[in-house]
Amino acid sequence: MSDLFRRMRGAAALHADTYEEVEADRTSIAQAGAIVAAASLSNALGTVVALGRLEPDGGRLVFQTILSALLPLVIWLGGSMFSYMAGATFFRVSETETDFAEVMRTTGFAFTPGLLLGFAATPPLALGISIVWIVRLWILLAAVVAIRQALDFTTLRAVGSFGSAALLLWLLLWGLAAAPLPF
């Protein structure tokens, strides 16, 4: 277990060598999944506590909590897929040797700062919102480092892959949300 926490510290500190270690360790996918699951729970906890004080409608609170719990998982799966697709095709360089699992492992560890999302409920409201935005920015920076290391890129190519993936994921989710229901 100490290996996991050491890797989480390195990932949170944006250490490239930690992401290289995770990329090379095929067994670290379970650790990456556990980190994303913990970030999902932390996000849900922050939502329950923060919105529980503001939202009198229990049904709406449950819906928001489920959404906030699923968000890190959807971003991890979809973002990793689109980052891999963009990076392995459009931004590919001669040094690029990767597979989807490597991107999944490294980007999973990039969610380590997401464990702090439970503090979104910290009063006053402005502090909680500030924590959320700082953590989101931290995850974004960690994801760029993760993609850079997984795809053996320059930082600029990693930013391009990340930006392309974010746009594709947003378009997909927006399209699904706007689609009429079949019933």
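The values are calculated or read from the model by the stated rules, or taken from the named source; none is laboratory data. All values derive from a computational prediction rather than experimental measurement. Quick reminder, even Gly has a Cβ in these numbers, built from the backbone with ideal geometry, and neighbours come from all protein chains shown.
Worth a mention:
- Assessment of the stretch 38-58 against the conditions (loosely packed, with under 14 Cβ neighbours inside 10 Å, among the acidic types (Asp, Glu) and within 25 Å of Leu168 (Cβ to Cβ)) yields no matching residue.
One line per residue, one yes/no per condition, for (1) under 23 Å from Asp17 (Cα atoms); (2) of a type in the set (Gly, Ala, Ser); (3) not in a helix (DSSP H, G or I):
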| site | (1), (2), (3) |
| --- | --- |
| Phe91 | yes, no, yes |
| Thr106 | yes, no, no |
| Gly128 | no, yes, no |
| Ile147 | yes, no, no |
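Yes/no per residue for (1) in contact with a Leu (Cβ under 7 Å, 6 or more places away or on another chain); (2) modelled with pLDDT of 95 or more; (3) within 18 Å of Leu70 (Cα to Cα); (4) among the aromatic types (Phe, Trp, Tyr):
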position: Ala11; (1), (2), (3), (4): no, yes, no, no
position: Leu14; (1), (2), (3), (4): yes, yes, no, no
position: Tyr19; (1), (2), (3), (4): no, yes, no, yes
position: Val22; (1), (2), (3), (4): no, yes, no, no
position: Gly33; (1), (2), (3), (4): no, yes, yes, no
position: Ala37; (1), (2), (3), (4): no, yes, yes, no
position: Asn43; (1), (2), (3), (4): yes, no, yes, no
position: Thr47; (1), (2), (3), (4): no, no, yes, no
position: Ala50; (1), (2), (3), (4): no, no, yes, no
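- When the residues of the stretch 157-183 are filtered to those that are of a type outside the set (A, V, I, L, M) and under 18 Å from Phe90 (Cα atoms), the one that is surrounded by the fewest Cβ atoms within 10 Å (Cβ to Cβ) is Gly163.
- Checked against (1) aromatic (Phe, Trp, Tyr); (2) more than 16 Å from the chain's Cα centre (by Cα); (3) at pLDDT 90 or above, Phe153 passes all but condition (3).
- Sole residue being of a type in the set (Ser, Thr, Tyr) and in contact with a helix residue (DSSP H, G or I) (Cβ under 6 Å, 6 or more places away or on another chain), chosen from Thr89, Thr98, Thr154: Thr98
- Any hit, the stretch 142-156, residues being in contact (Cβ under 8 Å) with a residue 12 or more places away in the chain, surrounded by 14 or more Cβ atoms within 10 Å (Cβ to Cβ) and within 23 Å of Gly46 (Cα to Cα): yes
Conditions (1) in contact with a Pro (Cβ under 7 Å, 6 or more places away or on another chain); (2) of a type in the set (D, E, K, R); (3) over 22 Å from Leu171 (Cβ atoms), marked per residue:
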site	(1), (2), (3)
Gly87	no, no, no
Glu95	no, yes, yes
Gly108	no, no, yes
Leu115	no, no, yes
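- Any chance Gly87 is of a type outside the set (Phe, Trp, Tyr), buried (at least 18 other Cβ atoms within 10 Å of the Cβ) and without any contact (Cβ under 8 Å) to a residue 24 or more places away in the chain: no
- Evaluating Thr107 against the criteria (1) among the hydroxyl-bearing types (Ser, Thr, Tyr); (2) modelled with pLDDT of 95 or more; (3) over 22 Å from Ala34 (Cβ atoms) leaves one unmet condition, (3).
- Qualifying residue in the stretch 118-126 (condition: at pLDDT 90 or above, surrounded by fewer than 23 Cβ atoms within 10 Å (Cβ to Cβ) and either in a helix (DSSP H, G or I) or in contact with a Gly (Cβ under 7 Å, 6 or more places away or on another chain) (or both)): no
- Residues of the stretch 151-166 that are hydroxyl-bearing (Ser, Thr, Tyr) and in a helix (DSSP H, G or I): Thr155, Ser161, Ser164.
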